[in-house]
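Worksheet: the structure to be examined is printed underneath.
The values are calculated or read from the model by the stated rules, or taken from the named source; none is laboratory data. Please read these numbers as outputs of a predicted model, since none were measured by experiment. Positions of Cβ are backbone-derived with ideal geometry, glycine not excepted, and every protein chain shown enters the neighbour counts. The accessibility values were calculated without ligands, DNA or RNA, using every heavy atom of the protein model including side chains. Shrake-Rupley method; radii C 1.70, N 1.55, O 1.52, S 1.80 Å.
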Amino acid sequence: HRTMPLARPTGQIPEATWTLGFREMTEPWKGALGCLGVAVFFAMTIGIISWQALEQPPEEWVLRGRAGGVLWERRRGALLLRALPAGRTAAVVAVGGVPAAEPPPPRDRCWHDGGQFCYAWEEDAELRVSLEPPPAPGTECYGVRWTPLRPDVALKDCFSMANVSWYGGASVRAQRWPLNGAESPAQPFVSGDFGESPHGYGPVLERYFLGSTGVTVTAAPDVPLFLSLESNRHFCLESPAGRPAVPLGYRLCLSPDMAAAHRHVGTQLAGTARAMPDTALLGSPIWRYHGPEGSAAKIKRGLRSLAKRLKRHRLQEGVLALGERCTAVLAAAVRPDHVPPEPRKRQDSAGTWDPSLVAPLQLSITLSPYTSIASPLFLRSLRLGQTDGYWLSLQPPRWEMFFGSNSCFSPLLLQIPLLTMWKGQLCARLNVTSEAALGWFLARARRLRQALGAAYVVFEGAEGNALLDRAVPPPAELVGDRYTAALAAALATLGNTTIISAGARSSHLPLFVQMSPLRSDWSHAGLKGVIPSVLHYSLLGYNFFIPDAVGGSLASDTPGDPELYVRWLQLVTFLPVMAFSTPPWLCCDAWVLNLTRQCIQRHRDFVVPLIIKYSEEWLRLGYPIFRPAWWLSPTDPTAFTIEDEFLIGDEVLVAPITEKGQTWRDIYLPGEGQLWLDTNSARVFDGGTVLRNYSASLAEVPVFVK
């Protein structure tokens, strides 16, 4: 408490008394003024909030170019790619991994650079959007890169499927075209084997997505990537969770339409140096051998028997295909070298194989980068101390902590092959990062091809990442699909008669790609999935593929359906190679055998010259040989979802029947202003129209020539 001094009497009104009276007089007014001030402040606050909610634009430009730009939409927390000057939204990218409620403000950390926008969500992630050099006039590209600022931040960008049809990316079990109808949980964006992982991704994929609005999304090749598909909602690109901070980057490009977008961007996925495989295989039907395989002698008798049957039915030209098991049995008989350090053994003349036994048919053999841990090949490499370099291995722990650096156990324990299952056996897998291992593997393949007189060599098991399958972080040289890419590059050195089971970053190489086996039924996992798979492979640059065998290779609930066999036969007649697992004389009536001969002849005389013609265009420009209907009608929404017809180049339209029991179908003729000749009736129809209830008997396939 403060003690106030006593006031002296001065004869005037005491000051304190006057002040007190004044306060008593003005206190109500001051209270009123205070209340008024609070009211004004409250009103201003409400006004500011209202202005922010109502007056502030819901979208804000992040980066603007000549043909379009990127905006931030506050309500959804999404990036918008918008075309100018029409203002058409080409893509909506919902942003994950950062607080959606905190939109980037107008401030830009890269304000001094007109070609970039930078912003950081504190303690979460940094976003950088940049204008990139255009790949062609009329196309504009933006680089989008997210960098996490904490190790536990998982980045996720989802691309909306609302009013956009998407193509490309990964193949799935029951292939769809477009991929809007596909469903897949988040998983590594790595090629896989449907037999081992039915819900995984298939053997051919690229980090490239094409939208019907003329937009492309190309994910960065240098970082691990996860992909998820939510049917008819969106697909999402994600950085792996639970790992050290991994960036997420991709390039958005905008073109006038979808066909222009693919010509400008998608055709450059693997560069411009392209090479073709052996075109002689195009006109050679493949007959898969399923006879006795217990010994080399039984296999030889079985091959001779199949060759005689084919000759008897006037089908004596083509390729007899041996699976991996039969190849291994014959290989053991001819005894080619397995490991270079050991001296070459003299071959036993009794075990040799004479290709003239099946002439004029040729032979194909099958190998894989796997070897059983019980095989003499693996045991020999183990004895010679080659497991650490020749086979994929786990990163060894610090054994010297337990045994000492000079321990005799240390060299042995450092060799820890990564074991995985392959065709029911525990196996080691070839180390494609080792030049010595690749050189040995390729040399062995050459010797075996020569010893057996094989015209073609099939390599199965090229797909997948064995390290990821075991939840082991791969080294940088094997991140994502780099195992498949490295193996494909090595196999291409064997020549253009090589067939591989997977494709990733390898569409430019002179290799045939074997498609996945399909079910012997009418579903999208069977016959209905053939055309979507054809369009998917060709869009990604893999034009030289071998479709699954006529009728499907995988068992179904209704085996031996002659109608299915015929419709399948009609379809593959117009694809690069015709393959058979079940000969026509074993499945159907005599007229189907005669139809098979006609289809093979039509394939050689009509289809193969077309493929060779448009392969020259692919070599120069990278355009797909097998094209969707929208290639000629890139702005017609009707064409976006057609998955049961395809074009060969620009001049032949194939529209087979893929529904059981049907002898009619609707056919979309693309290309407004163009004319199409019906090869069955010789009638001419306008492009840009739909033929309703077109009749096609079991012996007919609708084909139109422009």
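One residue is enough: does the stretch 588-596 have a residue meeting the conditions open to solvent by less than 50 Å² (accessible area, probe 1.4 Å) and over 30 Å from residue 290 (Cα atoms)? Talk me through it step by step, then tell me what you get.
Taking the stretch 588-596 and keeping what is open to solvent by less than 50 Å² (accessible area, probe 1.4 Å), we get 588, 592-593, 595-596.
Adding the requirement that they be over 30 Å from residue 290 (Cα atoms) leaves none.
Within the stretch 588-596, not a single residue is open to solvent by less than 50 Å² (accessible area, probe 1.4 Å) and over 30 Å from residue 290 (Cα atoms).
With respect to residue 456, determine if the residue is under 26 Å from residue 276 (Cβ atoms) and touching a strand residue (DSSP E or B) at 6+ places or on another chain (Cβ under 8 Å).
Working: under 26 Å from residue 276 (Cβ atoms): yes; touching a strand residue (DSSP E or B) at 6+ places or on another chain (Cβ under 8 Å): yes.
It is true that residue 456 is under 26 Å from residue 276 (Cβ atoms) and touching a strand residue (DSSP E or B) at 6+ places or on another chain (Cβ under 8 Å).
Select, from 292, 256, 240, 244, the only residue that is out of contact with any Ser or Thr (no Cβ under 9 Å at 6 or more places or on another chain), open to solvent by 60 Å² or more (accessible area, probe 1.4 Å) and in contact (Cβ under 8 Å) with a residue 24 or more places away in the chain.
Numbers: 292 fails: in contact (Cβ under 8 Å) with a residue 24 or more places away in the chain; 256 fails: out of contact with any Ser or Thr (no Cβ under 9 Å at 6 or more places or on another chain); 240 fails: open to solvent by 60 Å² or more (accessible area, probe 1.4 Å).
Matching residue, one of 292, 256, 240, 244: 244.
Here are some residues: 690, 705, 652. Which one is under 30 Å from the mean Cα position of the chain (by Cα), β-branched (Val, Ile, Thr) and on the phi < 0 side of the Ramachandran plot?
652
Checking residue 162 against (1) among the hydrophobic types (A, V, I, L, M, F, W, C); (2) over 26 Å from residue 480 (Cβ atoms); (3) open to solvent by less than 10 Å² (accessible area, probe 1.4 Å): exactly one of these is not met. Which one?
Residue 162 satisfies every listed condition except (3).
Out of everything in the stretch 519-544 that is hydroxyl-bearing (Ser, Thr, Tyr) and within 23 Å of residue 657 (Cα to Cα), what residue ends up being surrounded by the fewest Cβ atoms within 10 Å (Cβ to Cβ)?
At the first step, the residues of the stretch 519-544 found to be hydroxyl-bearing (Ser, Thr, Tyr) are 520, 523, 533, 537-538, 542.
After this cut, where a residue has to be within 23 Å of residue 657 (Cα to Cα) as well, the list is 520, 523, 533, 537-538.
On the way: 520: 27, 523: 12, 533: 24, 537: 26, 538: 24.
Per the criteria, the residue is 523.
So, of the residues in the stretch 633-689 that are within 17 Å of residue 527 (Cβ to Cβ) and among the polar types (S, T, N, Q), which turns out to be most open to solvent (accessible area, probe 1.4 Å)?
Only one residue tops the list, namely 663.
Name the single residue that is surrounded by the most Cβ atoms within 10 Å (Cβ to Cβ) among those in the stretch 466-518 being in a loop (DSSP other than H, G, I, E, B) and modelled with pLDDT under 85. Walk me through it before giving the result.
Taking the stretch 466-518 first, the residues in a loop (DSSP other than H, G, I, E, B) are 470-475, 479-481, 495-497, 501-502, 504-511, 515-518.
Now restrict to residues that are modelled with pLDDT under 85: 470-475, 479-480.
Details: 470: 13, 471: 7, 472: 14, 473: 13, 474: 19, 475: 11, 479: 20, 480: 24.
In this case the residue turns out to be 480.
Can you give me the number of residues within the stretch 432-463 that are on the phi > 0 side of the Ramachandran plot and open to solvent by less than 10 Å² (accessible area, probe 1.4 Å)?
Looking only at the stretch 432-463, we keep the residues that are on the phi > 0 side of the Ramachandran plot, and these are 453, 461.
Okay, now just the ones that are also open to solvent by less than 10 Å² (accessible area, probe 1.4 Å), so 461.
Of the residues in that region, 1 qualify.
Among (1) out of contact with any His (no Cβ under 9 Å at 6 or more places or on another chain); (2) more than 24 Å from residue 288 (Cβ to Cβ), there is one condition residue 494 misses while meeting the rest; what is its number?
Failed condition: (2).
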